[in-house]
Amino acid sequence: MAAPPLGRLVLTHLLVALFGMGSWAAVNGIWVELPVVVKDLPEGWSLPSYLSVLVALGNLGLLMVTLWRRLAPGKGERVPIQGLLLLLPSPSSVPTGGPGPGLQVGAPGVEEEEEEEASPLQEPPSPAADATPSPEPVAPRLLSTHVAFLLGLLAVTNALTNGVLPAVQSYSCLPYGRLAYHLAVVLGSAANPLACFLAMGVLCRSLAGLGGLSLLGMFFGAYLMILAVLSPCPPLVGTSAGVALVVVSWVLCLGVFSYVKVAASSLLHSGGQPALLAAGVAIQVGSLLGAVAMFPPTSIYQVFRSGKDCVDPCGP
C-alpha cells in the first residue's frame, strides 16, 4: 500500500494539532483565570471542584457515543470519532495530562525498539504459539496482567490529576497567596507538554519503573493534599519557602504523572485499536470518578476550609 502524499500528511497533522490546541485553550483558558476570580465568585475556593466535575461530565458524553457506536449490534464500521476522544482534554491545570497531551498514543522509536526489547504487552512466545498462530493476537493482550496494570495506572493517575488534586488546588495554594496559586497553575500546565516531549525521547518501558514513578507522583500529591487539609494554616504559610515548596510540588507532581500517562499510553499502542479504546475509557472513567468523589467534601460538607481576606486565622 502506497504511503499518502507528504502534503496530505502535513495537513492531517496540522488539523489534529489545531483541534488539540482549540480544546486545550478552552479548558486552560478558564483554569488559569481561577487565581484571579476564585475569591470573588459565589463558589469560592471550591470552584475548581465544580469545574472538574463539569469537564469530566462533558467528556463522558463523547465517551458514551464512542462506546455505543463501537459496541452496538450491527455497527461493524470503524469509528473515526475514537481518535477525537483520545485528544480531548480533561480538567485542570492538570492538563496534567488528561486525555489531551497526556494520552500520546505512541512515541518515536517504539516500533524500532520492538525487535530489541519486547513490549510489556507481549507475552513470551511458546512452542505451541509458534506452531499454531492465534487468529486474534490482540484479544490475549487485552486480557493480560500487563495491560490490566497499564489501564489501572491510567485510571488512577487521571483520577488524581483530573479530579482529586485539581479540586483542592485552591486550598493548597491560596493560603500562600494568589501568586503561589498562579504559578502553580501556569507552571503545572507547562510541565505537561514538557513531560510529553521527554517521553518522546526517553520512554520508560518497564512496568516497575512506571510504578515507581507513580509512587513518586503520589508522594508529591500526598503533600499537596496535606496542605489542603491544613488550610488555611498550612506549614510555612507567609514564608517564601512555603511558596516555593507548594509550587515545586505541583509542578513535579503534574510532570511525573504526565510522563507516566504518556508512557503507559505508548505501551498500549502496540495493542492496537481495542487497547487504545480501553485506554480512553480508563482515562475518562478515572477522571470522572476522581472529580465526583471530591465534590462532596469540597463543595457540600466543607471538609476543606477557606481563608478570608483581611483576617489572619493563623495568628496567635
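The values are calculated or read from the model by the stated rules, or taken from the named source; none is laboratory data. Just so it is clear, the model here is predicted, and its values are computed rather than measured. With ideal geometry, Cβ positions are generated from the backbone for all residues, glycine too; neighbour counts draw on all protein chains shown. Protein only, heavy atoms only, side chains kept; ligands, DNA and RNA dropped before computing areas. Shrake-Rupley method; radii C 1.70, N 1.55, O 1.52, S 1.80 Å.
General observations
- Of 27, 32, 260, 202, the order by accessible heavy-atom surface (1.4 Å probe, DNA, RNA and ligands excluded), from most exposed downward, is 202, 32, 27, 260.
- The range 270-316: projected area of the alpha-carbon convex hull, averaged over directions, in nm²: 6.0 nm²
- Summarising the label geometry, the points placed 7 Å from Cα in the beta-carbon direction at residue 19 and residue 216 lie 3.3 nm from one another.
- Computed from the Cβ-Cβ distance with R0 of 51 Å, the FRET efficiency linking residue 10 to residue 179 stands at 0.80.
- The share of accessible area on the range 229-311 that comes from carbon and sulfur is 72 percent, using a 1.4 angstrom probe.
- Ranking of 39, 261, 308 by solvent-accessible surface, largest first: 308, 39, 261 (1.4 Å probe, protein heavy atoms only, all chains present).
- In this structure residue 30 has an accessible area near 90 Å², from a 1.4 Å probe over the protein heavy atoms.
- Couplings for the range 271-278, taken from phi via the Karplus curve 6.51 cos²θ - 1.76 cosθ + 1.60 with θ = phi - 60°, read x, x, 4, x, 5, 5, 5, 4 Hz in order; Gly and Pro are left as x.
- For the range 193-247 versus the range 1-63, the gap between their alpha-carbon centres in whole angstrom: 22 Å
- Solvent-free Debye scattering, log10 I(q)/I(0), computed from the Cα coordinates of the range 163-226 at q = 0.24 Å⁻¹: -1.10
- Sorted largest first by accessible area at a 1.4 angstrom probe radius, with every protein chain in place, the residues 178, 8 fall in the order 8, 178.
- Per residue solvent-accessible surface (Å²) - the range 196-316, probe of 1.4 Å: 44 Å²
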